[in-house]
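Presented below is the structure to which this report refers.
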Amino acid sequence: MNAIDYPGIPHRHQEPNSKIAVKGRVWAPSRLHFGLIELCLGQPHRFGGLGVMVDSLPTIIEFELLNLDASSNWFQWSESCLEHASKIEEVHDAMLQFLGTQLHLPRCQIIQSPPPHTGLGSGTQFAASLATALVASQILDAAGDNSDSPNSLSLSSDVKVRSSTALQFWQSAASCSPCDALQRCTRRGKRSFIGLTGFLHGGFIFDRGWEAGTNCSADGSHALNQPRTETFSPPCDWKLVLIHPDPASSTIRVAGELERDWIRMCSNKPNPNRDRMVELVKSWIIPSLAKQDFDVFCQSIEEYGRLAGRLFEPIQGGPFRDAEVAQMIDCVVALGGRGTGQSSWGPTIVSWFEGEDQADEFIRRSNSSDACRAAKLVKAQVCNQGAQLTWESRID
């Protein structure tokens, strides 16, 4: 693992003959987002929406904490972290503020991460995975050391190889709720809570959004201790296919300042389709999961996605990111895709299938289609558990 310097991020190189005190891995599913319900300030369900966690294209971070001077305060990052430098610095700064103490910083390597700005929620899953790795490093390196601070962290001093869900880990590690702790440690969840909830719980997620009259602060800090998400488990037989159009066909990356501008420009009046979207969620989509009614689910989730896309029609020119994505969606539907729509800002397209055979047949037909041949197709399954943590401490 080669060390790389980043401006603003402390680092350290491995000392000769140093020993590993903590070694671990965080695995997190990818997040699909089917669209927001409302954008207008003060309206009910603002920034609410639907999403699902899937097992394909996960985020995987490995970390090692060297048994050096306990006061040492330096990262060692592999070259794989280069494109995530700004997120690393943001998580580091957020954790310092949340914990109120210096961190014993591990060396980290990104084993796998979905491509950014493609509708897979890679930013939140990376930030939450990194925060989990950093917290695990602290409490496993100082096992048995219980602080009296309001945000004190504690865990068993057992040093055997162990595994845990991220939810169980954060329940043991933080004095506040796991979602609150993750929000503070990552500065994520400023609008949608689907990514953080999915990291902890997995499954199919309904985010109710803010209550009517709530004025969201810039950093989302008012959201703490206001639970607003529910999770559900779709039938395990249902499959998804993620369709990633040819990257050369679209150069738009909706993120950062551009994303904030688009939301601001489209939030000046209430969503006229909000009540219908909420009805679809509560009366059709969620009940269809419990009843395992695939046809109703697909019809409802497809209508929901198109209505969500209309929020940005003044900018996009239609319910989807651009003409290329709209054309690809038409192609996917013609080839048999069900419940088809765009994930988040795209360009990733999502289709549902009632079973493995149907998903495989769709992929076979797509690979023979001129319109879809340039796209990358990935078969996926709903991940009904959140992220996973495995660790081993005090290794000679």
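The values are calculated or read from the model by the stated rules, or taken from the named source; none is laboratory data. Just so it is clear, the structure is predicted and the values come from calculations on it, not from any experiment. Neighbour counts run over all protein chains shown; Cβ positions are idealised from the backbone, glycine included.
Specify the residue that is nearest to ALA380 (Cα to Cα); the eligible residues are those in the stretch 31-47 that are surrounded by 24 or more Cβ atoms within 10 Å (Cβ to Cβ) and out of contact with any helix residue (DSSP H, G or I) (no Cβ under 8 Å at 6 or more places or on another chain).
LEU32
Is there a residue in the stretch 326-346 that is more than 13 Å from VAL241 (Cα to Cα) and in contact with a Phe, Trp or Tyr (Cβ under 6 Å, 6 or more places away or on another chain)?
Here is the first cut: in the stretch 326-346, the ones more than 13 Å from VAL241 (Cα to Cα) are 326-328, 330-331, 334, 344-346.
Imposing the further condition that a residue be in contact with a Phe, Trp or Tyr (Cβ under 6 Å, 6 or more places away or on another chain) reduces the set to 326.
Within the stretch 326-346, one or more residues are more than 13 Å from VAL241 (Cα to Cα) and in contact with a Phe, Trp or Tyr (Cβ under 6 Å, 6 or more places away or on another chain).
For the stretch 251-265, does any single residue satisfy the condition of being in contact (Cβ under 8 Å) with a residue 40 or more places away in the chain, farther than 19 Å from PHE204 by Cα and more than 23 Å from the chain's Cα centre (by Cα)? Break it down into steps so the answer makes sense when it comes.
Start the filter on the stretch 251-265 by keeping residues that are in contact (Cβ under 8 Å) with a residue 40 or more places away in the chain, which leaves 252-255, 259, 262-263, 265.
Now narrow it down to the ones that are farther than 19 Å from PHE204 by Cα: 252-255, 259, 262-263, 265.
Among the residues that remain, those that are also more than 23 Å from the chain's Cα centre (by Cα) are: 265.
Yes, the stretch 251-265 contains at least one residue that is in contact (Cβ under 8 Å) with a residue 40 or more places away in the chain, farther than 19 Å from PHE204 by Cα and more than 23 Å from the chain's Cα centre (by Cα).
Only one of (1) within 28 Å of ALA371 (Cβ to Cβ); (2) modelled with pLDDT of 95 or more fails for GLY317. Which number is that?
(2)
Would you please name the residue that is surrounded by the most Cβ atoms within 10 Å (Cβ to Cβ), looking only at residues in the stretch 277-335 that are of a type in the set (D, E, K, R) and under 19 Å from GLN358 (Cα atoms)? Don't jump to the end; show me each part of the working.
Applying the first criterion (of a type in the set (D, E, K, R)) to the stretch 277-335 yields 279, 282, 291, 293, 295, 302-303, 306, 310, 313, 321-322, 324, 330.
Restricting the remaining residues to those that are under 19 Å from GLN358 (Cα atoms) gives 293, 295, 302, 330.
Values: ASP293: 15, ASP295: 11, GLU302: 21, ASP330: 13.
Looking at residues that are of a type in the set (D, E, K, R) and under 19 Å from GLN358 (Cα atoms), I get GLU302.
Mind counting the residues in the stretch 350-376 that are hydrophobic (A, V, I, L, M, F, W, C), modelled with pLDDT under 95 and under 25 Å from the mean Cα position of the chain (by Cα)?
Narrowing the stretch 350-376 to residues hydrophobic (A, V, I, L, M, F, W, C): 350, 352-353, 359, 362-363, 371-372, 374-375.
If we keep only those that are modelled with pLDDT under 95 too, we end up with 371-372, 374-375.
From what's left, under 25 Å from the mean Cα position of the chain (by Cα): 375.
Count: 1.
When the residues of the stretch 347-371 are filtered to those that are buried (at least 24 other Cβ atoms within 10 Å of the Cβ) and not hydroxyl-bearing (Ser, Thr, Tyr), which remaining residue is farthest from ILE243 (Cα to Cα)? It would help to see each step written out before you state the result.
Of the stretch 347-371, the ones buried (at least 24 other Cβ atoms within 10 Å of the Cβ) are 347-351, 353.
Subsequent filtering for residues that are not hydroxyl-bearing (Ser, Thr, Tyr) retains 347, 349-350, 353.
Details: PRO347: 9, ILE349: 5, VAL350: 6, PHE353: 13 Å.
Among those residues, the one meeting the criterion is PHE353.
So which residues in the stretch 297-334 are over 25 Å from the mean Cα position of the chain (by Cα), under 30 Å from PRO235 (Cα atoms) and free of Cβ contacts under 8 Å to residues at least 24 places away in the same chain?
Passing the criteria: ASP330, VAL333, ALA334.
In the stretch 386-396, which residue that is buried (at least 17 other Cβ atoms within 10 Å of the Cβ) and at pLDDT 90 or above is nearest to ASP295 (Cα to Cα)?
Checked the stretch 386-396; the qualifying residue nearest to ASP295 (Cα to Cα) is GLY386.
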